[in-house]
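Contents: one structure, followed by commentary.
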Amino acid sequence: MNKDERPSFLRGKGAAVGIVICFVAVIAMVGAYTFNNYQDRMDEQVAKAEEQAEKLTEDNSEETTADDIVLPEEDNSAEDMTEAEDQPDVQTEEIPADTEESVDDTGAAGTATEAEVWFSEDSTLAWPASGAVLIGYSMDHTVFFSTLEQYKYNPALIIGGEVGETIAASAAGIVTNIEDTAQTGTTVTLDMGNGYSAVYGQLTDVPVSIGDYIASGEIIGTLNEPTKYYSVEGPNLYFEILKDGEPVDPMNFME
(Lines give C-alpha, C1' and ligand atoms only; values in the text may rest on other atoms or scores of the structure.)
Protein backbone atom coordinates (compact mmCIF):
# COMPACT_ATOMS: atom_id res chain seq x y z
CA MET A 1 0.00 0.00 0.00
CA ASN A 2 1.28 3.43 -0.85
CA LYS A 3 2.04 5.53 2.21
CA ASP A 4 0.49 8.53 0.62
CA GLU A 5 -2.71 6.79 0.13
CA ARG A 6 -5.12 6.91 3.03
CA PRO A 7 -7.75 4.50 3.74
CA SER A 8 -11.08 5.32 2.23
CA PHE A 9 -12.77 5.78 5.58
CA LEU A 10 -10.23 8.40 6.43
CA ARG A 11 -10.88 10.18 3.20
CA GLY A 12 -14.63 10.04 3.89
CA LYS A 13 -14.12 11.33 7.42
CA GLY A 14 -12.03 14.19 6.17
CA ALA A 15 -14.67 15.13 3.63
CA ALA A 16 -17.34 15.06 6.29
CA VAL A 17 -15.28 17.24 8.55
CA GLY A 18 -14.74 19.61 5.71
CA ILE A 19 -18.42 19.75 4.97
CA VAL A 20 -19.17 20.38 8.63
CA ILE A 21 -16.62 23.13 8.77
CA CYS A 22 -18.01 24.70 5.64
CA PHE A 23 -21.55 24.44 7.06
CA VAL A 24 -20.48 26.01 10.30
CA ALA A 25 -18.69 28.71 8.38
CA VAL A 26 -21.79 29.34 6.31
CA ILE A 27 -23.95 29.45 9.44
CA ALA A 28 -21.50 31.81 11.07
CA MET A 29 -21.55 34.06 8.03
CA VAL A 30 -25.32 33.99 7.83
CA GLY A 31 -25.54 34.63 11.56
CA ALA A 32 -23.13 37.50 11.31
CA TYR A 33 -25.01 38.94 8.38
CA THR A 34 -28.33 38.48 10.16
CA PHE A 35 -26.98 40.03 13.34
CA ASN A 36 -25.51 42.94 11.45
CA ASN A 37 -28.76 43.42 9.55
CA TYR A 38 -30.73 43.22 12.81
CA GLN A 39 -28.36 45.66 14.44
CA ASP A 40 -28.74 48.06 11.54
CA ARG A 41 -32.53 47.84 11.76
CA MET A 42 -32.40 48.36 15.51
CA ASP A 43 -30.11 51.36 15.08
CA GLU A 44 -32.41 52.75 12.41
CA GLN A 45 -35.49 52.28 14.61
CA VAL A 46 -33.73 53.83 17.58
CA ALA A 47 -32.73 56.81 15.42
CA LYS A 48 -36.30 57.20 14.17
CA ALA A 49 -37.63 56.96 17.72
CA GLU A 50 -35.21 59.63 18.89
CA GLU A 51 -36.16 61.84 15.94
CA GLN A 52 -39.86 61.43 16.69
CA ALA A 53 -39.24 62.14 20.37
CA GLU A 54 -37.37 65.34 19.49
CA LYS A 55 -40.16 66.36 17.11
CA LEU A 56 -42.80 65.75 19.78
CA THR A 57 -40.77 67.74 22.26
CA GLU A 58 -40.50 70.64 19.82
CA ASP A 59 -44.28 70.49 19.05
CA ASN A 60 -45.19 70.44 22.70
CA SER A 61 -42.86 73.32 23.35
CA GLU A 62 -44.46 75.36 20.53
CA GLU A 63 -48.02 74.57 21.66
CA THR A 64 -47.23 75.49 25.21
CA THR A 65 -45.62 78.72 24.16
CA ALA A 66 -48.36 79.77 21.80
CA ASP A 67 -51.56 78.51 23.36
CA ASP A 68 -51.18 76.91 26.78
CA ILE A 69 -49.36 79.63 28.67
CA VAL A 70 -51.94 81.68 30.61
CA LEU A 71 -50.66 85.01 31.76
CA PRO A 72 -51.74 85.94 35.32
CA GLU A 73 -54.41 88.63 35.52
CA GLU A 74 -53.38 91.97 36.86
CA ASP A 75 -54.01 92.27 40.54
CA ASN A 76 -56.27 95.31 40.58
CA SER A 77 -57.14 94.91 44.22
CA ALA A 78 -53.81 96.28 45.39
CA GLU A 79 -54.06 99.14 42.91
CA ASP A 80 -57.62 99.87 44.00
CA MET A 81 -56.56 99.85 47.64
CA THR A 82 -53.79 102.28 46.82
CA GLU A 83 -56.24 104.62 45.08
CA ALA A 84 -58.67 104.29 47.97
CA GLU A 85 -55.93 105.23 50.41
CA ASP A 86 -55.03 108.27 48.30
CA GLN A 87 -58.64 109.51 48.19
CA PRO A 88 -60.22 111.18 51.21
CA ASP A 89 -62.62 108.99 53.18
CA VAL A 90 -65.80 111.03 52.87
CA GLN A 91 -68.07 108.25 54.10
CA THR A 92 -66.60 108.22 57.57
CA GLU A 93 -66.92 111.96 57.99
CA GLU A 94 -69.02 112.63 61.05
CA ILE A 95 -72.00 114.97 60.89
CA PRO A 96 -71.80 117.70 63.50
CA ALA A 97 -74.19 117.31 66.38
CA ASP A 98 -75.90 120.62 65.60
CA THR A 99 -76.65 119.47 62.04
CA GLU A 100 -78.11 116.17 63.23
CA GLU A 101 -80.38 117.96 65.66
CA SER A 102 -81.60 120.35 62.99
CA VAL A 103 -82.36 117.48 60.59
CA ASP A 104 -84.28 115.62 63.29
CA ASP A 105 -86.24 118.74 64.18
CA THR A 106 -87.15 119.37 60.53
CA GLY A 107 -88.32 115.80 60.01
CA ALA A 108 -90.40 115.85 63.17
CA ALA A 109 -92.04 119.16 62.21
CA GLY A 110 -92.92 117.90 58.71
CA THR A 111 -94.49 114.72 60.10
CA ALA A 112 -96.50 116.63 62.68
CA THR A 113 -97.82 119.05 60.04
CA GLU A 114 -98.96 116.23 57.75
CA ALA A 115 -100.74 114.53 60.65
CA GLU A 116 -102.49 117.74 61.72
CA VAL A 117 -103.97 118.45 58.28
CA TRP A 118 -105.51 115.01 57.93
CA PHE A 119 -109.27 115.55 57.55
CA SER A 120 -111.90 112.80 57.14
CA GLU A 121 -115.64 112.33 57.02
CA ASP A 122 -115.58 111.90 60.80
CA SER A 123 -113.77 115.20 61.41
CA THR A 124 -115.54 118.33 62.66
CA LEU A 125 -115.48 122.00 61.67
CA ALA A 126 -115.66 125.00 63.98
CA TRP A 127 -118.21 127.66 63.11
CA PRO A 128 -116.26 130.19 61.00
CA ALA A 129 -118.30 133.40 61.37
CA SER A 130 -120.52 135.12 63.95
CA GLY A 131 -123.84 135.09 62.10
CA ALA A 132 -126.45 132.63 60.98
CA VAL A 133 -126.83 130.92 57.62
CA LEU A 134 -128.31 133.31 55.05
CA ILE A 135 -128.37 130.85 52.14
CA GLY A 136 -127.86 127.16 52.78
CA TYR A 137 -125.91 124.61 50.78
CA SER A 138 -128.10 123.19 48.01
CA MET A 139 -126.86 121.12 45.09
CA ASP A 140 -129.97 118.94 44.82
CA HIS A 141 -132.31 121.79 43.94
CA THR A 142 -132.04 125.54 43.33
CA VAL A 143 -132.48 128.19 46.00
CA PHE A 144 -133.41 131.88 45.70
CA PHE A 145 -130.66 134.54 45.67
CA SER A 146 -132.19 137.87 46.66
CA THR A 147 -129.54 140.09 45.11
CA LEU A 148 -129.64 138.20 41.81
CA GLU A 149 -133.40 137.69 42.02
CA GLN A 150 -133.07 134.21 40.66
CA TYR A 151 -132.88 130.59 41.74
CA LYS A 152 -129.49 128.92 41.60
CA TYR A 153 -127.65 125.93 42.95
CA ASN A 154 -125.53 126.89 45.94
CA PRO A 155 -122.30 124.89 46.58
CA ALA A 156 -121.47 126.76 49.84
CA LEU A 157 -122.87 128.26 53.02
CA ILE A 158 -123.52 131.98 52.97
CA ILE A 159 -123.03 132.91 56.63
CA GLY A 160 -123.91 136.38 57.91
CA GLY A 161 -121.42 138.48 59.89
CA GLU A 162 -120.15 141.96 60.65
CA VAL A 163 -117.64 143.88 58.57
CA GLY A 164 -114.23 143.79 60.20
CA GLU A 165 -114.78 140.70 62.32
CA THR A 166 -111.93 138.18 62.29
CA ILE A 167 -112.42 134.95 60.40
CA ALA A 168 -110.60 131.92 61.79
CA ALA A 169 -109.85 128.58 60.14
CA SER A 170 -112.50 125.99 60.93
CA ALA A 171 -109.88 123.23 60.70
CA ALA A 172 -106.13 123.04 60.20
CA GLY A 173 -104.85 123.28 56.65
CA ILE A 174 -102.19 124.50 54.28
CA VAL A 175 -102.85 127.56 52.13
CA THR A 176 -102.98 126.48 48.49
CA ASN A 177 -104.64 129.47 46.82
CA ILE A 178 -105.38 133.16 47.40
CA GLU A 179 -107.38 134.93 44.70
CA ASP A 180 -109.82 137.79 44.04
CA THR A 181 -113.04 136.98 42.20
CA ALA A 182 -116.02 139.15 41.26
CA GLN A 183 -118.44 136.91 43.16
CA THR A 184 -116.59 136.14 46.42
CA GLY A 185 -113.92 138.88 46.59
CA THR A 186 -110.64 137.91 48.26
CA THR A 187 -110.83 134.14 48.67
CA VAL A 188 -108.48 131.81 50.57
CA THR A 189 -108.34 128.03 50.04
CA LEU A 190 -106.91 125.65 52.66
CA ASP A 191 -105.96 122.04 51.93
CA MET A 192 -107.13 120.08 54.97
CA GLY A 193 -105.78 116.73 53.80
CA ASN A 194 -107.29 113.50 52.48
CA GLY A 195 -108.79 115.36 49.50
CA TYR A 196 -110.70 117.90 51.60
CA SER A 197 -110.39 121.66 51.07
CA ALA A 198 -112.07 124.67 52.70
CA VAL A 199 -112.80 127.89 50.76
CA TYR A 200 -113.26 131.20 52.62
CA GLY A 201 -114.59 134.14 50.58
CA GLN A 202 -115.55 137.83 51.15
CA LEU A 203 -112.32 138.50 53.09
CA THR A 204 -109.88 141.38 53.46
CA ASP A 205 -106.58 141.98 55.29
CA VAL A 206 -105.45 138.42 54.69
CA PRO A 207 -102.24 137.81 56.72
CA VAL A 208 -101.37 134.40 55.25
CA SER A 209 -99.43 133.31 52.15
CA ILE A 210 -99.56 130.31 49.87
CA GLY A 211 -97.77 127.38 51.51
CA ASP A 212 -98.44 128.54 55.08
CA TYR A 213 -99.67 126.03 57.61
CA ILE A 214 -102.78 127.36 59.40
CA ALA A 215 -103.88 125.76 62.65
CA SER A 216 -107.52 125.40 63.56
CA GLY A 217 -108.75 128.71 65.03
CA GLU A 218 -105.91 130.73 63.49
CA ILE A 219 -106.95 133.99 61.78
CA ILE A 220 -106.98 133.93 57.99
CA GLY A 221 -108.49 137.40 57.44
CA THR A 222 -111.29 139.80 58.34
CA LEU A 223 -114.78 140.05 56.90
CA ASN A 224 -115.12 142.58 54.09
CA GLU A 225 -118.04 144.43 52.55
CA PRO A 226 -120.09 142.04 50.37
CA THR A 227 -119.58 141.95 46.62
CA LYS A 228 -122.37 143.11 44.30
CA TYR A 229 -123.55 139.52 44.05
CA TYR A 230 -124.59 139.59 47.75
CA SER A 231 -125.44 143.25 48.36
CA VAL A 232 -128.99 142.48 49.49
CA GLU A 233 -127.88 139.63 51.76
CA GLY A 234 -125.39 141.98 53.44
CA PRO A 235 -121.94 141.18 54.91
CA ASN A 236 -121.32 137.45 54.75
CA LEU A 237 -118.71 134.76 54.67
CA TYR A 238 -118.68 132.50 51.65
CA PHE A 239 -117.79 129.10 53.14
CA GLU A 240 -117.38 126.07 50.85
CA ILE A 241 -116.08 122.53 51.54
CA LEU A 242 -114.71 120.41 48.69
CA LYS A 243 -113.93 116.69 48.61
CA ASP A 244 -111.68 115.74 45.69
CA GLY A 245 -112.78 118.94 43.97
CA GLU A 246 -116.52 118.38 44.38
CA PRO A 247 -118.64 120.47 46.82
CA VAL A 248 -120.10 118.77 49.89
CA ASP A 249 -122.45 120.15 52.57
CA PRO A 250 -120.39 121.90 55.30
CA MET A 251 -123.22 121.29 57.78
CA ASN A 252 -122.32 117.59 57.77
CA PHE A 253 -119.13 118.48 59.65
CA MET A 254 -120.27 121.29 61.92
CA GLU A 255 -119.86 120.80 65.66
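The values are calculated or read from the model by the stated rules, or taken from the named source; none is laboratory data. These figures come from a predicted structure and were not determined experimentally. Heads up, the Cβs are rebuilt from the backbone with ideal geometry, glycines too, and the neighbour counts pull from every protein chain shown. Quick note on the areas: whole protein, heavy atoms, side chains included, nothing else; ligands and nucleic acids left out. Shrake-Rupley method; radii C 1.70, N 1.55, O 1.52, S 1.80 Å.
Taking 0.36 nm per residue of separation and subtracting the Cα-Cα distance, what length does fully extending Asp249 through Ser130 add?
On the way: separation 119, 0.36 × 119 = 42.84 nm, distance 1.89 nm.
Length gained between Asp249 and Ser130: 40.9 nm.
With +1 on each Lys and Arg Cβ and -1 on each Asp and Glu Cβ, how big is the dipole of the stretch 132-249 about its Cα centre, in debye rounded to the nearest 20?
Working: 3 positive and 16 negative charges, 29 e Å.
It works out to roughly 140 debye.
When a/c is below 1.5 the answer is rounded, else prolate if a/b is larger than b/c, else oblate, so apply that to the stretch 116-182 with a ≥ b ≥ c taken from the square roots of the Cα gyration tensor eigenvalues.
Working: a/c = 1.81, a/b = 1.47, b/c = 1.23.
Here the stretch 116-182 falls in the prolate category.
Add +1 for every Lys or Arg and -1 for every Asp or Glu among the other residues with Cβ under 14 Å from the Cβ of Glu121, and state the total.
Charge balance near Glu121 sits at -3.
Cβ neighbours within 10 Å, averaged per peptide: list 229-240, 201-212 in order, most packed at the top.
By packing density, highest mean first, the sequence is 229-240, 201-212.
With every protein chain present, what is the per residue accessible area of the stretch 114-255 (1.4 Å probe, Å²)? Display every interim value, and only then the final one.
Numbers: 6810 Å² over 142 residues.
Value for the stretch 114-255: 48 Å² per residue.
Using a/c under 1.5 as the rounded threshold, could you call the stretch 186-248 rounded, prolate or oblate? The axes a ≥ b ≥ c are square roots of the C-alpha gyration tensor eigenvalues, and prolate needs a/b larger than b/c, oblate otherwise.
Numbers: a/c = 2.64, a/b = 1.37, b/c = 1.93.
Cα axes put the stretch 186-248 in the oblate bin.
Counting only protein chains, not ligands or nucleic acids, how are Lys152, Lys48 ordered by accessible area (probe 1.4 Å), most first?
Numbers: Lys152 65, Lys48 105 Å².
Descending order: Lys48, Lys152.
So what does Lys243 come to for accessible area, using a 1.4 Å probe and Å² rounded to 10?
60
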